[in-house]
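Let me begin by presenting the structure, written as structure tokens, before commenting on it.
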Amino acid sequence: MVDVYIVVYSLLGILICLPALLLALNLLMPQITGRIETRLERTPGKSFFLGVPVTAAFLLWIAITANVPIGVVRGTAFVAAFVGMGLGTLGAAGMSRLLAKRITVLANPSSQAMNWLRGAVMYELACLFPIVGWFLFAPIVGITVLGAAVFALLGWLPRPTVSEQIVVTGNQ
């Protein structure tokens, strides 16, 4: 019975801590999460299509090297998993930022940090919804945020739209 309690309370602790982690990433790395938000808002398709080979490369590397008997090579599987989860977490912080931007219109006037927290909780609960959240929403959005995180870390922002170009040239 104690084993069941350990699992249940460990999962509860993780579920409580994830929104705080996403909020902390938004506060500590606002430029990177802002670029991820921009990518997710303007070019989610390109982010998904970049995320597919990146995810496949991580999963393939982990699957191949995790079964090699040499310890150093097996350790690279751990490193690849660690880097992949880090990129995914950065992408999730950008997704919570995008959700916060969209929820600001619906929420009473409140702080930006509170809306980021709401966006993180909304993202987490959507991923936890049985069957659809586990097998449809989480993988698709996970691949997309991974691609957006790679775009953001490379510094590749989407091209400005025509209306943005007119505003920029009109102000000069």
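Remark: relative contact order (the chain) = 35 percent; criterion is Cα-Cα distance under 8 angstrom and separation of 6 or more residues.
Between residue 70 and residue 20, the contour length at 0.36 nm per residue exceeds the Cα-Cα span by 14.2 nm.
Summing charges over all other residues whose Cβ lies under 15 Å from the Cβ of residue 112, with Lys and Arg as +1 and Asp and Glu as -1, gives +3. Distance from the C-alpha centroid of the stretch 79-150 to that of the stretch 52-74: 26 Å, rounded to the whole angstrom.
Helices that extend 27 Å or more along their long axis by alpha-carbon positions and average at least -0.5 on the Kyte-Doolittle scale are, among the DSSP H runs of the chain, 2-28, 44-65, 71-103. Sorting 2, 121 from the fewest to the most surrounding beta carbons within 10 angstrom yields 2, 121. Most tightly packed first, judged by the mean number of other beta-carbon atoms within 10 Å of their residues, the peptides 139-146, 24-31 read 139-146, 24-31.
With r defined as the distance between the Cβ atoms of residue 114 and residue 161 and R0 fixed at 41 Å, what FRET efficiency is calculated, to the nearest 0.05? Efficiency, rounded to the nearest 0.05: 0.85. Determine one quarter of the surface area of the Cα convex hull of the chain, which equals its mean projected area, and express it in nm² to one decimal. Approximately 13.9 nm², given one-decimal rounding.
Applying 1/(1 + (r/R0)^6) with r as the Cβ-Cβ distance of residue 3 and residue 140 and R0 = 41 angstrom yields a FRET efficiency of 0.80.
Only the coordinates and a few stated rules stand behind these numbers; no lab work does. This is a predicted model, so every value here is computed, not measured. Here the Cβ is made from the backbone with ideal geometry for all residues, glycine too, and neighbour counts use every protein chain on show.
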